[in-house]
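The values are calculated or read from the model by the stated rules, or taken from the named source; none is laboratory data. These numbers were taken from a predicted model, which means no experiment stands behind them. Because the Cβ atoms are built from the backbone with ideal geometry, glycine has one as well, and the counts that use them run over all protein chains shown. Heavy atoms of the whole protein, side chains included, go into the accessibility calculation; ligands, DNA and RNA do not. Shrake-Rupley method; radii C 1.70, N 1.55, O 1.52, S 1.80 Å.
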Amino acid sequence: MFHVIERLAEELRRARRVTVLTGAGVSAASGVPTFRGAGGLWGSFRAEDLATPEAFARDPRLVWEWYEWRRAKIASCEPNAAHEVLARWTIESPHHTVITQNVDDLHVRAGTQRLVRLHGSIWELTCWNDCGAPRWRDERVPLPAQPATCTSCGGLARPAVVWFGESLSSDDVNAALAACSCDVFMTIGTSALVYPAAGLVQHATAKGAFTAEINLEVTPASSAVDLAIQGNAELILPEIAAHLLKRV
Ligand code: BV8
């Protein structure tokens with residue numbers, strides 16, 4: 001393990017621009033269930049049943065129940081060492097960017113600079129009927145009304161997250177693509193199954209980045225990266241940070 005950590009630390013020492021893509025695995029140590037792991041969020045539900053506009057149109061109350069359950073869970077979670085190291089890197093260097101698929105906002109709470117939240121935030125809501133009201137933040141758990149209502153038109157409100165079959169914001173996609181022009185690209189704690197996020201590692205490779213993965217398991221990205229490290233992000237990232245502090 002030592003040599004892969006040292007190898008990645010070496011690349012990071014030499015790098016000017018570093019971009020990190022994170023998934024649910026970086027929040028696992030904080031107690032936020034992952035989607036597909038054991039005891040994952042989707043264990044008792046199927047994504048198609050819940051994280052889609054069709055599901056919401058069919059049964060907004062059920063979809064809100066799932067989000068309220070997740071909001072309550074996430075409300076009691078704190079950022080872990082993985083979030084802290086990544087946040088520190090973005091504070092120490094203006095050329096470090098974090099792109100996350102997570103909607104738990106733990107990267108925000110850790111103080112991460114230059115954060116691209118590809119799939120939105122579970123703490124933000126927007127009008128289901130597109131009445132024109134800008135999205136708003138409401139961290140109350142539970143929300144005062146079920147299903148939640150729009151603060152502007154009083155109609156149905158929805159979580160301001162990107163569901164399957166919905167396009168991501170072009171600003172976020174462009175920011176993520178721009179960040180792929182980097183020296184080191186790391187994909188951490190994601191099963192690399194959901195697009196377009198999962199396509200970013202190929203984009204970074206095409207831009208000449210050294211690519212690395214940190215994950216507990218082998219994923220479709222593992223064979224595409226230059227260096228695949230198997231382990232816990234909350235343990236490996238602090239180890240890499242410690243190597244970077246060592247005199248070279
Ligand atoms: C789009 C937000 C254009 C909501 C999420 C058919 C119809 C329509 C679309 C498609 C289709 N077929 C394919 C698509 C595209 C689709 C897609 O990719 N589907 C997949 C399933 C094949 N993508 C989309 O629909 C996207 N939009 O393409 O728009 C378009 C428009 C119209 C029609 C077609 C295309 C939108 C995708 C966004 C979906 N929203 N979430 C919410 O969260 O409630 S996705 C959801 O999965 C999460 O956001 C999460 O980010 C994402 C990926 O999951 P992961 O983060 O990777 O988590 P997972 O549990 O899977 O893995 C955790 C990993 O961590 C594991 O590998 C584990 O080993 C590791 N781990 C665990 N602990 C640790 C660890 N690693 C390190 N340390 C640890 N301690």
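Some points to look at:
- Residue in the stretch 223-246 that is least open to solvent (accessible area, probe 1.4 Å), counting only those that are over 15 Å from His3 (Cα atoms) and either in a strand (DSSP E or B) or near the ligand (Cβ under 10 Å from one of its atoms) (or both): Ala233
- For Asp138, the requirement of being within 18 Å of the chain's Cα centre (by Cα), away from the ligand (no atom under 13 Å from the Cβ) and under 30 Å from Glu68 (Cβ atoms) is not met.
- Selection count, the stretch 202-218, where residues are of a type in the set (Val, Ile, Thr) and open to solvent by 10 Å² or more (accessible area, probe 1.4 Å): 2
- Within the set Thr100, Thr90, the sole residue that is open to solvent by less than 10 Å² (accessible area, probe 1.4 Å), touching a residue at least 60 places away in the same chain (Cβ under 8 Å), within 26 Å of Gly199 (Cα to Cα) and assigned by TED's automatic domain parsing to the domain that holds Tyr195 turns out to be Thr100.
- Against the criterion of being open to solvent by 30 Å² or more (accessible area, probe 1.4 Å), modelled with pLDDT of 95 or more and more than 7 Å from the ligand (Cβ to nearest atom), Ala57 qualifies.
- Scope the stretch 156-178; condition open to solvent by less than 50 Å² (accessible area, probe 1.4 Å) and more than 18 Å from Ala198 (Cβ to Cβ); matching residues: Leu156, Ala157, Arg158, Pro159, Ala160
- No other residue among Arg109, Arg117 is within 13 Å of the ligand (Cβ to nearest atom) and open to solvent by 20 Å² or more (accessible area, probe 1.4 Å) apart from Arg117.
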